Amino acid sequence: MNERKVLWKAFTANRDFNKDPKIFVKSDGMYYTKEDGKEVLDGLAGLWCCNLGNNHRKVVDAIVNQAQQMYFCPPFQLGNDLELELANEIKSLAPKGLNHIFFTNSGSESVESALKMALAYQKSRGKGNKNIIIGREHSYHGVNFGGISVGGLVNNKRDYNNQIKAAHIPTILDIEKNAFSKGIPKHGKEKAEFLLDQINLHGAENIAAVIMEPIAGAAGVHIPPKGYLKRVEKICKQNDILLIFDEVITGFGRLGTAFAAQKFGIKPDIITTAKGLTSGSVPMGAVIASKKIYKQIVKNSKTPIEFFHGYTYSGHPLACAAALATIKAYKEESLFERVASLEEFFQEQIHSLKKCKNVIDIRNLGLVGAIQLKPDKKSIGKRGKEVFEKCYKKGVLVRPIADTIALSPAFIISKKQITEIIRVLREVINQVE
């Protein structure tokens, strides 16, 4: 057994890989290259993150140039000039009033930081009893203890003890009423009223915040019904509860606007981001907080360190350089507008799979979509995994989430490439028993 196989065996010892390891050795634009030299068309933007595609020249050059100048700067009591520049760039894209930035290294860290901010904000107001965070079933907020506590995917937390007080409202997915909806579903606004049930159960005086993904990604692309998010926002405001939008997937253009909050006309108190911030090039995340959150925590601190929280690599110079180049590319290449212009074509293409074998629902918004398959009676997830495997062998990368096939291509994707992804999916889905 050669060295590479030994390393692969060690790496996959506790993971669900089959005997045919999938290794990429190169990437460029919309394609990955396998060990055998064959290309794979990327229908995922890496993992919801490479919005510019792979190895974008402006981002690569920015990282290399910054590495030659300074690749680390101490993050505590100090900073670097790129942090300030990047904070202003993010502020220019964020919903009006969200203008204070805290840098992290991932979506999980962004969520953890946002939850701490919510709890610190309430305690700073003399309302430390407001310490329950409400999440939603079928939601994903990373894999740290706060994130799994408020998240709604049981496999992410069944082996661990939750560390913060959390409650949950029901999922927004309703296939019976909204199957094959194009864009925002019509039915289900009333599901927001379940938030009032939790408020009546726990008391608004004990609830710090509500956290939700505008679109639930890792659960299988669940699109909020018309009016749902607006109603949630109103209930939060009426009950003195903070609203946190987890935009790790939707942030930075995925829906054709900088943030989903703008797409839905919502003004949350906190937004969490990562992924598209650097187009997947260097790990980085950011929390965007409103002025009232910042002022309450910082201006009313009783200690020299206003917010006891931070990371060694917060505001890392290489990450900042990558993020600045990424945002510059978004703007100069009008990529958010490009997503909006491709939305209708992508929608028609993905919905053309409606009559394929075992397809029970299709969901889409912006450049994100999902094809849900009827589960095999003997094995949930079997069909989804088989579609993934067969697509990969035919040179297309999709994401199986149990029996749901998710798509989230890079913003640079062409109509021809969208058509090719759908062509392969149609062929494969109809082959799977």
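Scan (1) free of Cβ contacts under 8 Å to residues at least 40 places away in the same chain; (2) of a type outside the set (Gly, Ala, Ser); (3) closer than 17 Å to Trp48 by Cβ for the single condition Lys394 breaks and write down its number.
It is condition (3) that Lys394 fails.
Based on what the data block shows, is Glu233 under 11 Å from the mean Cα position of the chain (by Cα) and among the acidic types (Asp, Glu)?
So Glu233 does not fit the description; no.
Are any of the residues in the stretch 343-365 open to solvent by less than 10 Å² (accessible area, probe 1.4 Å), closer than 23 Å to Asn155 by Cβ and either outside any strand (DSSP E or B) or not acidic (Asp, Glu) (or both)?
Within the stretch 343-365 (the criterion being open to solvent by less than 10 Å² (accessible area, probe 1.4 Å), closer than 23 Å to Asn155 by Cβ and either outside any strand (DSSP E or B) or not acidic (Asp, Glu) (or both)), the answer is no, since none of the residues qualifies.
Which one of the conditions (1) under 23 Å from Phe345 (Cβ atoms); (2) open to solvent by 10 Å² or more (accessible area, probe 1.4 Å); (3) in a loop (DSSP other than H, G, I, E, B); (4) among the polar types (S, T, N, Q) does Gln262 fail to meet, given that it meets all the rest?
Every listed condition holds for Gln262 apart from (3).
If I ask for residues that are in a loop (DSSP other than H, G, I, E, B), in contact with a Gly (Cβ under 7 Å, 6 or more places away or on another chain) and among the hydrophobic types (A, V, I, L, M, F, W, C), which ones from the stretch 34-72 would you list?
Cys49, Cys50
Which of the residues spanning the stretch 311-330 are surrounded by 15 or more Cβ atoms within 10 Å (Cβ to Cβ) and either free of Cβ contacts under 8 Å to residues at least 40 places away in the same chain or in a loop (DSSP other than H, G, I, E, B) (or both)?
Hits for the stretch 311-330 are Tyr311, Tyr313, Ser314, Gly315, His316.
Filter the stretch 273-302 for residues that are small (Gly, Ala, Ser) and in a strand (DSSP E or B) and give the result.
Residues satisfying the conditions are Gly285, Ala286, Ala289, Ser290.
Working only within the stretch 213-235, note down all residues that are among the charged types (D, E, K, R) and either closer than 24 Å to Thr273 by Cβ or not in a loop (DSSP other than H, G, I, E, B) (or both).
Result: Glu213, Lys230, Arg231, Glu233, Lys234.
Kindly evaluate Asp174 against the criterion of being surrounded by 14 or more Cβ atoms within 10 Å (Cβ to Cβ) and out of contact with any helix residue (DSSP H, G or I) (no Cβ under 7 Å at 6 or more places or on another chain).
yes
The values are calculated or read from the model by the stated rules, or taken from the named source; none is laboratory data. Since the model is a prediction, treat every value here as computed from it, not as a measurement. Positions of Cβ are generated from backbone atoms using ideal geometry, with glycine treated the same way; all protein chains shown enter the neighbour counts. Each accessible area value is taken on the protein alone, full model and side chains, heavy atoms only, with ligands, DNA and RNA left out. Shrake-Rupley method; radii C 1.70, N 1.55, O 1.52, S 1.80 Å.
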